[in-house]
Amino acid sequence: MDTAKANAILVPYMMYVIEKKAGKKFKYNMTMADHARKHAEFMASQGKTVHTPENLLYCHENLGVISSPYKLLNSFKSTAAKVVHNWFLNTKSRQNIVNSDEMGIGIAAVENKGNTSLYIVQRMR
């Protein structure tokens with residue numbers, strides 16, 4: 001899976017799951033999504049799985065990394081649902097989501113020896 005395909009397939013479904021869990025609609029911000037994708041690509045290139053203060057351009061940001069052995073959890077929808085589920089389990093991530101009105105999601109897909117890792121960044125304000 002490449003980055004463009006991951007964004008095209010996973011982001012709309014992730015937004016659906018987020019809105020269902022949050023019980024409200026969000027404005028989707030393409031500029032935030034583009035920044036989130038670039039941040040995901042940077043983190044993937046560095047192998048980073050945690051935030052550092054200089055990475056934050058917006059008020060709030062959530063990060064999800066799905067790596068082997070998950071191998072995309074065998075379906076795109078279950079991958080998206082798992083990441084969102086984990087965000088809602090984390091108190092700070094859940095608050096970031098429900099206290100926001102707009103967001104963007106960016107994904108970087110990295111192939112390594114036949115395994116795919118997804119770096120998913122969600123930015124919101």
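Among D101, D2, D34, the sequence by solvent-accessible area, most first, with a 1.4 Å probe is D101, D2, D34. In order along the range 31-43, phi translates into HN-Hα couplings of 5, 4, 5, 5, 5, 5, 5, 5, 5, 4, 5, 4, 4 Hz, rounded to whole numbers, per the Karplus curve 6.51 cos²θ - 1.76 cosθ + 1.60 with θ = phi - 60° and x for Gly and Pro. The 3J(HN,Hα) values that the Karplus relation (6.51, -1.76, 1.60; θ = phi - 60°) gives for the range 12-19 are, in residue order, x, 5, 4, 4, 4, 5, 4, 5 Hz. Gly and Pro appear as x.
Each part reduced to its alpha carbon centroid, the range 84-101 and the range 14-37 end up 12 Å apart. Only protein heavy atoms count here; under a 1.4 Å probe, R94 has an accessible surface of about 80 Å². Between E111 and N90, the FRET efficiency estimated from the beta carbon spacing at R0 = 25 angstrom works out to 0.35. Rolling a 1.4 Å probe over the protein chains gives E111 an accessible area of about 100 Å².
The values are calculated or read from the model by the stated rules, or taken from the named source; none is laboratory data. Quantities reported herein were computed from a predicted structural model and do not represent experimental measurements. Cβ sites come from the backbone with ideal geometry, for glycine too, and all protein chains shown count toward neighbours. Just the protein is used for accessible areas: all its heavy atoms, side chains included, with ligands, DNA and RNA removed. Shrake-Rupley method; radii C 1.70, N 1.55, O 1.52, S 1.80 Å.
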